[in-house]
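Worksheet: one structure, shown below.
Values quoted throughout were computed directly from the atomic coordinates according to the rules given, and no laboratory measurement underlies them. These numbers were taken from a predicted model, which means no experiment stands behind them. Note: ideal-geometry Cβ built from the backbone for every residue, glycine included; neighbour counts use all protein chains shown.
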Amino acid sequence: MRPEIEDVPKFYRPYLEAVKGDDIVDILSKAKSTTLELLSGLTEENGNYAYAEGKWTIKELLQHIIDSEVVFGYRALWIMRGAKGDLLGFDQDDWVIEAPVQDIDMNALIDKYSKTRDWVISLFTNATDAQLLRIGTANGYPIKALILPYLIAGHNLHHIKIIKERYL
């Protein structure tokens, strides 16, 4: 099952469009392998590199990916469990400032990414169609739980592409 593009808030549509296929657990698993393969060869120097003044370092970008996976995963869990109430948005730039990663070992961040992705995969492995089709409100927008794992995958793909094009 794959979400319909018109069900996705417009600013998230590029993430959905980047994801090919409809077996989201397989997509998330393959993206994890691809991401770990790319990151595993990076040094501390690579991790602390930003391609321009004011841009995030690779470590900051990786922490942003992790934070986003946790937030999107929590949103999905909230909606799938039928919880009531709106879920707030988050300001990615504020979160990066509040998660100073320059002194965290690159390998520790990579491990954190791997463990976070494992949790995300486990969340969707046994989700039922009924749970995935539930709708909640996140960041002021109605959203089906089904959309969130695709956003996680597409967001990851987006940033890996940026790392390849601008950092390496």
| remark: Filter segment 114-148 for residues that are among the small types (Gly, Ala, Ser) and within 19 Å of ASP86 (Cα to Cα); the one that is surrounded by the most Cβ atoms within 10 Å (Cβ to Cβ) is ALA145
| request: Identify all residues within segment 72-113 that are closer than 26 Å to ASP129 by Cα and surrounded by fewer than 21 Cβ atoms within 10 Å (Cβ to Cβ); write none if there are none. | output: TYR74, LEU77, TRP78, ARG81, GLY82, ALA83, LYS84, GLY85, ASP86, LEU87, LEU88, GLY89
| Selection from segment 83-107 of residues that are under 26 Å from LEU36 (Cβ atoms), more than 16 Å from the chain's Cα centre (by Cα) and either touching a residue at least 40 places away in the same chain (Cβ under 8 Å) or assigned to a loop (DSSP other than H, G, I, E, B) (or both) | GLU98, ALA99, PRO100, VAL101, GLN102, ASP103, ILE104, ASP105, MET106
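For (1) outside any helix (DSSP H, G or I); (2) of a type in the set (Lys, Arg); (3) farther than 16 Å from ILE162 by Cβ; (4) in contact with a helix residue (DSSP H, G or I) (Cβ under 8 Å, 6 or more places away or on another chain), each residue gets a yes or a no:
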{"site": "TYR15", "(1), (2), (3), (4)": "no, no, no, yes"}
{"site": "THR35", "(1), (2), (3), (4)": "no, no, no, yes"}
{"site": "HIS64", "(1), (2), (3), (4)": "no, no, no, yes"}
{"site": "VAL71", "(1), (2), (3), (4)": "no, no, yes, no"}
{"site": "LEU77", "(1), (2), (3), (4)": "no, no, yes, yes"}
{"site": "LEU109", "(1), (2), (3), (4)": "no, no, yes, yes"}
| query | Is one or more of the residues making up segment 149-159 more than 14 Å from the chain's Cα centre (by Cα), surrounded by 22 or more Cβ atoms within 10 Å (Cβ to Cβ) and closer than 12 Å to PRO9 by Cβ? | reply | no
| note | Checked segment 17-33 for anything touching a residue at least 60 places away in the same chain (Cβ under 8 Å) and part of a loop (DSSP other than H, G, I, E, B); matches are VAL19
| field | Output for segment 46-82, where each listed residue is in contact (Cβ under 8 Å) with a residue 60 or more places away in the chain and of a type in the set (Ser, Thr, Tyr) | value | TYR49, TYR51, SER68
| request: Mind telling me which of the residues LEU61, LEU36 ends up being closer than 16 Å to ILE110 by Cβ, crowded, with 19+ Cβ neighbours inside 10 Å and aliphatic (A, V, I, L, M)? | output: LEU61
